[in-house]
Amino acid sequence: MTLALFWGVTFKLTAQPVTYVPDLNLGHRSFTYLHTISYSFNDKIRINNLTLLDTEYQEDKNNIFFIRNTVSFSISQKIALNAAVGIKNPGSFLTASAQYRVVKPTYWFAYSLGTTYQRGFTLEQAVSFDYSPYLTQTLQLYFNLLAIANVHRQGYQRGLQFVRLGLKQQKASYGFALNLDQFNNNTKTLQNAGLFIKYHF
């Protein structure tokens, strides 16, 4: 799984050349730290680092780590091409993908399609949706969904669904979090429900 949509922050069109967005999730099974650091050279070219660490409280056998560095080239406001290299359980990987995105003031939608090579090729599809309508002048509802599926000839290799529901005040978002992970045709699944806080630096 490549988390190709960067948890919905790196493709937002802003004037800031550098952004850092940490996301902390204190769940019932594990503690998750996720961040994106991105740098825009111009309107077309951007680099991104994504790091994910998921650590169980009781055991280490289900710990998840993921580090990826991506170069993104925007063909237009809605289309981008991505190339990435990284490391995750159980080793290094390469990814190439194309992304379609729609960005508005209070919502965005993105769909990504590509291939990842790690001990063989997988087809990866990812969908991300973010909705943050204003409740007052300074308070917004916050909803974010990320769903990713990696498949190959043997079936469903890897999948995840991350959900965030809460409130947003300026650069901070917080509320309830649910992380669902599936491995090897659902022979192994993990769930983690709890609270999250995310901040846009």
Checklist entry - Just one of the numbered conditions (1) polar (S, T, N, Q); (2) touching a Phe, Trp or Tyr at 6+ places or on another chain (Cβ under 8 Å); (3) touching a residue at least 40 places away in the same chain (Cβ under 8 Å) is not true of THR189; which one? => result (3)
Checklist entry - Do we find that GLN137 is open to solvent by 50 Å² or more (accessible area, probe 1.4 Å), outside any strand (DSSP E or B), free of Cβ contacts under 8 Å to residues at least 40 places away in the same chain and over 27 Å from PHE41 (Cβ atoms) in this structure? => result yes
Next on the checklist: Between SER74, SER92, which is over 14 Å from the mean Cα position of the chain (by Cα) and either at pLDDT below 95 or of a type in the set (Asp, Glu) (or both)?
Outcome noted: SER92
Next on the checklist: Need the failing condition index for LYS12 against (1) at pLDDT below 90; (2) part of a strand (DSSP E or B); (3) charged (D, E, K, R), just the number.
Outcome noted: (2)
Next on the checklist: Among the listed residues TYR100, TYR20, TYR39, TYR107, identify the single one that is under 14 Å from the mean Cα position of the chain (by Cα) and at pLDDT 95 or above.
Outcome noted: TYR20
Checklist entry - Somewhere in the range 165-173, is a residue of a type in the set (Gly, Ala, Ser), exposed (fewer than 15 other Cβ atoms within 10 Å of the Cβ) and in a loop (DSSP other than H, G, I, E, B)? => result no
Checklist entry - Pick from ALA96, ALA110, ALA83: which is hydrophobic (A, V, I, L, M, F, W, C) and touching a helix residue (DSSP H, G or I) at 6+ places or on another chain (Cβ under 8 Å)? => result ALA110
Checklist entry - Do we find that LEU146 is surrounded by fewer than 15 Cβ atoms within 10 Å (Cβ to Cβ), among the aliphatic types (A, V, I, L, M) and out of contact with any Pro (no Cβ under 6 Å at 6 or more places or on another chain) in this structure? => result no
Checklist outcome for this item: Checked the range 112-142 for anything of a type in the set (A, V, I, L, M, F, W, C) and within 16 Å of the chain's Cα centre (by Cα); matches are LEU113, ALA126, VAL127, PHE129
Next on the checklist: Kindly evaluate ALA172 against the criterion of being in contact with a His (Cβ under 9 Å, 6 or more places away or on another chain) and within 26 Å of PHE201 (Cβ to Cβ).
Outcome noted: yes
Checklist entry - ASN186: open to solvent by less than 20 Å² (accessible area, probe 1.4 Å) and either more than 18 Å from the chain's Cα centre (by Cα) or more than 20 Å from SER30 (Cα to Cα) (or both), yes or no? => result no
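The values are calculated or read from the model by the stated rules, or taken from the named source; none is laboratory data. The shown structure was predicted, so the numbers you read here are calculated from the model rather than taken from an experiment. A quick note on method: Cβ atoms are made from the backbone with ideal geometry, for glycine too, and the neighbour counts reach across all protein chains shown. The accessibility values were calculated without ligands, DNA or RNA, using every heavy atom of the protein model including side chains. Shrake-Rupley method; radii C 1.70, N 1.55, O 1.52, S 1.80 Å.
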